[in-house]
Amino acid sequence: MKVYFLSSIPCALRVNNLFFGTTNLFERFAELSLKDGLFIEFVPEGKQAVSFFLTEQIRFAPPKGCEVYLLKDGLAIYARDFPPSDFTLRVIAQAREGNTLATLFSQGELHLSIEQDRQLFIATLPPSFVHSELFFESGLLFVKSADHFSIYTKKAELLLSEKAQAFSIESGILRATLPLSDNGNRFAECEWALSETDCVRLKCTLSTSEPDGSFSPRSIAYSFFESVLIGANHAEFLADELIDKADILIDFLGDFVGVIPTEEENVCGLIRKKSENLFEAAYYTVKIENNKITDITT
């Protein structure tokens, strides 16, 4: 079967102690048999390796530190969390508002601590925030890296985390431009209302950087499913006879957490969560006429 390998940071991939290539967020695959019980190692720089035996058990229990995706032509293994090798305490950024002090620091993993009124709250952040700044706005704490931001309450509760081209805050309204992952060069312009305990989305509109503002036939299926996922206007991709059935279509698709393209331009996989760190793709085919979707089938 095809086994796809990905990793959150660049790694050397070793199979049965032999160098097999390198991995990152761009998937690479090999034809392997789960019956062979191969020993897999993702070896990063500056962190400990993630390693495991590749057996049939991976279909039911992902290895520690990995996410597993069950696909129609095989499976994908995403090495996400790597044990640290350096436990030195390093303060990265701090911000204060009144009697509340927020500190971003690393000690093996990346942590956010918030101290107020003799109480201490802790959150663990992904490694991508290792170079970030902190600031308070509307009673909330913002953690901002070069291309990502997260919003926390003063009790270190995560309210929102988005990859963003740009964002601004005015009169308690957060506006952000979010790049989308499809191949239509699309982005979302979103707004949220901020309070001390919540972040409520007000609207989300889609745009494309294509010169004529249109979507290519290949991107229509993916763009439709992604629009459903993020709660944007998906009706713009539907033929007139389907617009009144949009709610029925949403129920037909069910809950999903991601979209993946396939080699067929009108077929996409919708990623559903089966259990902790285990996901499965359900495949949907769209029929397209005059650049509009006229039918969706499994």
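The values are calculated or read from the model by the stated rules, or taken from the named source; none is laboratory data. Computed from a predicted structure; not experimentally measured. Glycine gets a Cβ as well: all are built from the backbone with ideal geometry, and neighbour counts include every protein chain shown. Protein only, heavy atoms only, side chains kept; ligands, DNA and RNA dropped before computing areas. Shrake-Rupley method; radii C 1.70, N 1.55, O 1.52, S 1.80 Å.
Values as computed for the structure displayed
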| read-out | value |
| --- | --- |
| Charge dipole of the stretch 33-139 about the Cα centre (unit charges at C-beta), most positive-ward option of G65, T124, L104 | G65 |
| Loop chymotrypsin sites (Phe, Trp or Tyr not before Pro), the stretch 63-135 (other Cβ atoms within 10 Å of the site Cβ: 16 or fewer; DSSP) | F87 |
| Share of carbon and sulfur in the accessible heavy-atom surface of the chain [1.4 Å probe, %] | 50 percent |
| Amide proton proximity set for L110, modelled H, under 5 Å, gap of 5+ | L125 |
| Among the listed pairs K72/K292; K2/K72; K64/K154; K163/K203, those beyond 19 Å (Cα-Cα) | K72/K292; K64/K154 |
| Separation of alpha-carbon centers, the stretch 255-298 and the stretch 1-70, rounded to whole Å | 25 Å |
| Rounded, prolate or oblate (a/c below 1.5 giving rounded, otherwise prolate when a/b exceeds b/c) for the chain by Cα gyration tensor | oblate |
| Helix-only CD estimate at 222 nm, as mean residue ellipticity for the chain, using -39500 (n - 2.57) per DSSP H run (n ≥ 4) | -2500 deg cm²/dmol |
| Environment charge of E97, counting only residues whose C-beta is closer than 15 Å and scoring Lys/Arg +1, Asp/Glu -1 | -2 |
| Accessible area per residue, Å², the chain with all protein chains present, probe 1.4 Å | 53 Å² |
| Cβ-placed point charges (K, R +1; D, E -1), dipole of the stretch 46-183 about Cα centre in debye, nearest 20 | 200 debye |
| The stretch 1-95: C-alpha gyration tensor shape, a/c 1.5 cut-off, then a/b vs b/c | prolate |
| Net charge dipole size for the chain [Lys, Arg +1 and Asp, Glu -1 on Cβ; Debye, nearest 20] | 920 debye |
| For the stretch 95-108, Karplus couplings with θ = phi - 60° (6.51, -1.76, 1.60), whole Hz, Gly/Pro x | 8, 10, 9, x, 9, 10, 10, 10, 9, 9, 8, 10, 8, x |
